[in-house]
1. Separation between the GLN58 and ASN105 pseudo-spin-labels, each 7 Å from Cα along Cα→Cβ, expressed in nm?
2. Can you flag which of LYS31/LYS78; LYS65/LYS123; LYS31/LYS80; LYS40/LYS80 are past 30 Å Cα-Cα?
Amino acid sequence: MSGLLGSTLKMLTSDSYCGLSDYLEQSYKGKKEQQAEDLKSSSTLYVGNLSFYTTEEQIHELFSKCGDVKRIIMGLDKKKHTPCGFCFVEYYTKAEAEHSMRFINGTRLDDRVIRTDWDAGFKEGRQYGRGLSGGQVRDEYRKDFDEGRGGFGKIIQQQLPKM
């Protein structure tokens, strides 16, 4: 392999787009070291900042551009069972998931900049929001109006006068 090609391939296999973030899943059962190992070998991604109106079909269409999607698990409000702005995307291989991290993270879907992160692997029950209102915690404290995420944050909505 030529020097230029070899160094180019090395850059593609060790770029910052595919590195692990500082976030660690709080409900992970096991030690942090094991979680880091699971993340390094995972072919599952957490996808955040989705519109509440984004469909599974839209997600599949976008993420299948990077590889064969094994399954998509939509994040649901724990109480209403309606979408709450995140999902998990499982690929068949780590390489396909890496392509997705490299090329889809930070792109727009439904007019929102989505973010992807490694996930150690979906476990039943993790598809539900963990906020007190059933959705995501971050949406409870949001002070801005975001039409794609249901308007104002849940705490602000409770303080608004009823019409």
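Read the figures in this text as sums done on the coordinates, not as results from a lab. Please read all numbers here as calculations on a predicted model, not as lab measurements. Neighbour counts run over all protein chains shown; Cβ positions are idealised from the backbone, glycine included.
1. 2.2
2. LYS31/LYS80; LYS40/LYS80
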